[in-house]
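To start, the structure under review is shown below, and the notes come after it.
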Amino acid sequence: MSAANDTTFTHAVFLLTGIPGQEDIYLWIAIPFCLIYIISIVGNSIILFIIKADPGLHEPMYIFLCMLAIADLCLSITTMPTILGIFLFNSREISLNVCFAQLFFIHSLSFIESSVLLLMAFDRFVAICNPLRYSSILTLPRIAKMGLVFLLRGLAIVVPLPILLKRYRYCRTNELSHSYCLHQEVMKLACADIIVNSVYGLFITLLTVGLDSLLIFLSYVMILKTALSVASRAECLRALNTCVSHLCAVVLFYTPELGLSLMHRFGKDSSHLLQLLLGYIYLLVPPLMNPIVYSVKSKHLRARIIRVFVK
């Protein structure tokens with residue numbers, strides 16, 4: 001360790017950051033976060049229960065929606081207890097191993113959610129561009145295989161991140177700039193050259209989020225081309241209307257994801273408050289809004305939910 005301000009020990013814990021300067025109102029801040037957590041858990045659980053209980057919803061589109069709900073549930077459970085611990089109990093300390101485990105699950109689940117959004121785009125592409133072969137292309141065994149492949153992809157490519165981070169000593173500041181652990185933040189605290197982590201982190205982001213978003217964009221180019229070629233304007237609008245829920249989910253997920261990733265790597269002079277805001281949007285908004293968006297836009301799902309609650 002050549003830096004003069006480095007100490008001779010490795011920190012045993014990291015300190016998480018809530019919202020600097022607002023410590024006096026943490027209990028009030030915790031209220032909306034608790035509501036978001038409860039709505040996310042209840043909303044996604046209802047989606048899973050309704051689809052599982054109703055055989056009429058055992059279709060590819062709703063199976064992919066189940067996958068999305070499971071990813072959102074796991075993401076909420078992985079992150080929200082840590083965030084609420086800061087605001088409710090000022091519990092800022094997190095051990096290195098727990099932090100590494102948390103960032104593994106956060107990044108894995110984010111990549112898995114990106115994969116599910118790609119599968120849902122493929123579902124809409126087949127339904128609109130090749131409707132006669134829809135049932136023969138998206139069979140249940142094929143859906144299960146695609147889901148398994150993307151699940152393994154999301155887990156396998158993130159495994160090296162905590163392994164690489166465990167090699168380092170953390171002897172400078174031990175304070176992270178978010179209320180949870182992210183790879184981009186943890187690696188900056190290491191007292192060593194982090195070029196391998198930085199390059200690998202960028203590589204897997206491009207391989208997953210970058211590639212998935214590009215394929216989703218191309219699928220919608222083909223969908224739009226096919227829809228515009230339909231003679232009837234009403235049929236064109238009806239076809240595009242089936243994509244609205246998915247487009248909302250894509251925007252809610254990729255906008256803060258890409259923004260946060262770019263800001264961490266290239267926005268050294270960006271506002272810390274903006275980073276915090278993007279970080280919370282990135283983790284909290286998709287699990288909160290996805291069940292609401294799909295329940296509002298899907299007539300079949302909405303009807304089933306209303307029927308269950310009326311009964």
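The values are calculated or read from the model by the stated rules, or taken from the named source; none is laboratory data. Note that the structure is a prediction, hence the values are computed from the model and not measured. Please note: Cβ atoms are built from the backbone with ideal geometry, for glycine as well, and neighbour counts cover all protein chains shown.
A few notes on this one:
- Residue within region 226-234 that is at pLDDT 85 or above and closer than 14 Å to E113 by Cβ present: no
- Considering residues of region 15-64 that are under 30 Å from S177 (Cα atoms) and touching a Lys or Arg at 6+ places or on another chain (Cβ under 7 Å) only, the residue surrounded by the fewest Cβ atoms within 10 Å (Cβ to Cβ): L15
- Among the residues of region 183-214, those that are acidic (D, E) and assigned to a helix (DSSP H, G or I) comprise E185, D212.
- Of all the residues in region 85-107, those that are of a type in the set (G, A, S) and in contact (Cβ under 8 Å) with a residue 24 or more places away in the chain number 2.
- Yes/no for L215 being more than 28 Å from H183 (Cβ to Cβ), at pLDDT 90 or above and either in contact with a Phe, Trp or Tyr (Cβ under 9 Å, 6 or more places away or on another chain) or acidic (D, E) (or both): no
- Per the listing D24, D54, the residue uniquely free of Cβ contacts under 8 Å to residues at least 40 places away in the same chain and farther than 30 Å from V159 by Cβ is D24.
- Any hit, region 133-141, residues being in a loop (DSSP other than H, G, I, E, B) and more than 28 Å from I63 (Cα to Cα): no
- All conditions in (1) touching a helix residue (DSSP H, G or I) at 6+ places or on another chain (Cβ under 8 Å); (2) within 26 Å of V13 (Cα to Cα) hold for S95, with the sole exception of (1).
- Qualifying helices (runs of 4 or more DSSP H) (wholly inside region 220-311; at least 1 residues being in contact with a Phe, Trp or Tyr (Cβ under 9 Å, 6 or more places away or on another chain) and buried (at least 18 other Cβ atoms within 10 Å of the Cβ)): 244-266, 272-297, 299-310
- One residue from M80, M67 being buried (at least 21 other Cβ atoms within 10 Å of the Cβ), among the hydrophobic types (A, V, I, L, M, F, W, C), touching a residue at least 40 places away in the same chain (Cβ under 8 Å) and closer than 23 Å to F122 by Cβ: M67
- Against the test of being part of a loop (DSSP other than H, G, I, E, B), surrounded by 20 or more Cβ atoms within 10 Å (Cβ to Cβ) and over 24 Å from the mean Cα position of the chain (by Cα), the options Y170, Y180 yield a single qualifying residue, Y170.
- Residue in region 59-73 that is under 24 Å from I29 (Cβ atoms) and assigned to a helix (DSSP H, G or I) present: yes
- Test: residue in region 139-146 that is without any contact (Cβ under 8 Å) to a residue 24 or more places away in the chain, within 22 Å of L215 (Cβ to Cβ) and either crowded, with 22+ Cβ neighbours inside 10 Å or of a type in the set (S, T, Y) (or both): yes
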